[in-house]
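The structure appears below as structure tokens.
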Amino acid sequence: MKSISLWTRKFQSVVDNGRNHSIVIDLPEAKGGINSGPTALEMCVMSFSGCVGTIFALVAEKMRITFEKMEVEVDAQQKNNAATITDLHFILTIETKEERQKIEKCLEHTINTCPVGILFKQAGINITNEIKML
């Protein structure tokens, strides 16, 4: 993997992944930026939700789990004025006819194999979750 960050102005940068995909990173106006994109830390949280969604879909396919809709909503906290994320809670909402126990097993395997989640765990972030069945 590769990434290049090109400063464009003030606190704004364009970050590229080396595969022709890029995103603007910026600070909100309240912190001196122009709010033209998420902050780098917000991108970390977005990466986590995207990783959980992707890995869950991969694991579900292997387990022959079908679903019509799936959403991962993440709430990350910086407790006690911490410099970075300390706690993260996510809700997996899924529309499926599968049994809850099968979804729980799929999510457990997802959590254990999601590369971004593994990084967060190694960083000492407390991660909790819940499942909402539709």
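Details
- For segment 56-110, filtering for residues that are among the polar types (S, T, N, Q) and under 16 Å from residue 120 (Cα atoms) leaves 5.
- Put simply, of 83, 76 the only residue that is at pLDDT below 95, of a type outside the set (Asp, Glu) and under 30 Å from residue 9 (Cα atoms) is 83.
- Hits in segment 46-86 - residues which are assigned to a helix (DSSP H, G or I) and hydroxyl-bearing (Ser, Thr, Tyr): 47, 49, 54
- Total residues in segment 5-22, condition assigned to a strand (DSSP E or B) and surrounded by fewer than 17 Cβ atoms within 10 Å (Cβ to Cβ): 9
- Listed by first and then second residue, the pairs linking a residue in segment 112-134 that is assigned by TED's automatic domain parsing to the domain that holds residue 82 and in a helix (DSSP H, G or I) to a residue that is surrounded by 14 or more Cβ atoms within 10 Å (Cβ to Cβ) and modelled with pLDDT of 95 or more, with Cβ atoms under 6 Å apart and 6 or more places separating them unless they lie on different chains, are 113/55; 116/47; 116/48; 116/51; 117/111.
- Residue within segment 87-101 that is part of a loop (DSSP other than H, G, I, E, B) and surrounded by 12 or more Cβ atoms within 10 Å (Cβ to Cβ) present: yes
- Looking only at residues of segment 23-74 that are of a type in the set (Asp, Glu) and in contact (Cβ under 8 Å) with a residue 12 or more places away in the chain, we find that the one that is surrounded by the fewest Cβ atoms within 10 Å (Cβ to Cβ) is 68.
- Residues that are among the basic types (Lys, Arg) and within 25 Å of residue 14 (Cβ to Cβ), drawn from segment 30-73: 31
The values are calculated or read from the model by the stated rules, or taken from the named source; none is laboratory data. If you're wondering where the values come from, they're calculated on a predicted model, not measured in any experiment. Don't worry about glycine lacking a Cβ; one is built from the backbone with ideal geometry, like all the others, and counts go over all protein chains shown.
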